[in-house]
Each structure stands twice: as structure tokens, then as C-alpha cells.
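Derivation of every value follows stated rules applied to the coordinates shown; laboratory data play no part. The shown structure was predicted, so the numbers you read here are calculated from the model rather than taken from an experiment. Here the Cβ is made from the backbone with ideal geometry for all residues, glycine too, and neighbour counts use every protein chain on show.
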């Protein structure tokens with residue numbers, strides 16, 4: 001967390017990484033793994049907030065927020081084989097308020113969300129953007145363009 005400009009600028013950058021695994025074995029065979037699951041998850045968060053004194057009792061408030069959820073999963077289930085999947089969900093939001101004499105006189109806001117699920121047989125994505133309460137883009141599909149470019153919104157947090 002960073003504070004600057006006498007506390008009028010605040011920046012928070014946080015990433016939580018989490019991994020887990022589960023194994024189930026048949027009682028008749030100690031070295032045999034009947035079921036195993038491994039997953040790694042990442043939760044990035046970025047917040048930028050700034051208050052700017054414009055003079056004449058006028059204040060501009062700016063906020064940008066980015067948060068995400070990324071998961072890679074590997075499941076092996078006996079004779080059923082190996083199942084590998086990836087899920088990425090990234091959300092961005094921006095807002096600006098203009099405050100004059102302690103009253104909000106104007107404001108704008110926008111959001112973007114990029115969601116993508118991918119496994120060895122199926123891929124689904126949906127990208128939605130809005131601006132001031134109106135949807136300006138909504139694209140979805142079941143075929144992803146490239147398996148290497150998983151996050152359509154590039155913020156540096158999606159990796």
C-alpha cells in the first residue's frame with residue numbers, strides 16, 4: 001500500500017497465490033492413485049484512488065480498480081484419464097467524480113470484464129464493457145482465438 005500527496009493518492013497492489021491438491025487411493029494398492037486433483041489459484045488486486053483539489057472548493061476524485069481470479073486445474077481419475085482446465089476472470093473499473101461545495105455535480109464510470117474458461121475439449125469466453133450504465137460491448141464465443149492469449153484485457157495482472 002502506498003500513500004502520497006498527503007494521503008490524497010492511495011495505491012494498493014496485492015496478489016494472493018494459493019495451491020491445493022487432493023489424492024485418493026484404493027485401499028488394496030498403496031502405490032496406486034485412483035484420483036488426484038491439483039490446482040493453483042491467483043487473486044490479483046490493484047486499486048488507485050486520487051483526490052485532486054481543483055481550487056474554488058472543487059475536488060476531483062479518480063478511482064481505478066482491477067481484480068481477477070485465475071485458476072489452473074489438473075484432475076486425474078483412474079481409467080478416465082487426465083483433465084486439464086484453466087479459468088481467467090479479470091475485471092476493471094474506472095470512475096471520476098467532480099465535487100463542488102461538498103456536492104457531487106458530475107460523474108463518469110466504466111467497467112470491463114474478460115472471462116475465459118478453457119480445457120482440452122471446450123473453450124468459452126465473454127467480454128463485457130460498460131460506460132455510464134450502458135453496455136458498450138458484449139462479445140462471447142465458444143471458440144477461443146488462441147490458447148496462448150488467454151486474457152483479452154491486458155492489465156499485467158492477468159498472468
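As a proxy for reagent exposure, ranking 123, 29 by other Cβ atoms within 10 Å from fewest up yields 29, 123.
Scale the Cα Rg of the stretch 12-66 by the rule-of-thumb value 2.2 N^0.38 Å and send over the ratio, two decimals. Its radius of gyration relative to the 2.2 N^0.38 Å reference: 2.42. For the chain, a Gaussian network of Cα nodes joined below 10 Å ranks 60, 129, 85 by mean-square fluctuation, and the top entry is 60.
Rg over Rh for the chain works out to 1.16, using Cα positions for both radii and the Kirkwood form for Rh. Which part of the stretch 72-99 falls in the paramagnetic zone of residue 111, meaning amide N under 14 Å from the point 7 Å along Cα-to-beta-carbon? Residues passing the 14 Å test: 90-95. Pairwise alpha-carbon distances in the stretch 65-136 exceed 15 Å for 67% of all pairs.
Considering only 142, 88, 121, the mean-square fluctuation computed in a Gaussian network model of the chain, springs between alpha carbons under 10 angstrom, is largest for 121.
Normalised by the number of residues in the stretch 2-141, what is the relative contact order in percent for Cα pairs under 8 Å and 6+ residues apart?
Relative contact order of the stretch 2-141: 16 percent.
Taking the chain as a Gaussian network of alpha-carbon nodes connected by springs under 10 Å, the highest mean-square fluctuation of the residues 51, 114, 77 belongs to 77. Across the stretch 27-103, counting alpha-carbon atoms alone, Rg and Dmax equal 24.4, 80 Å.
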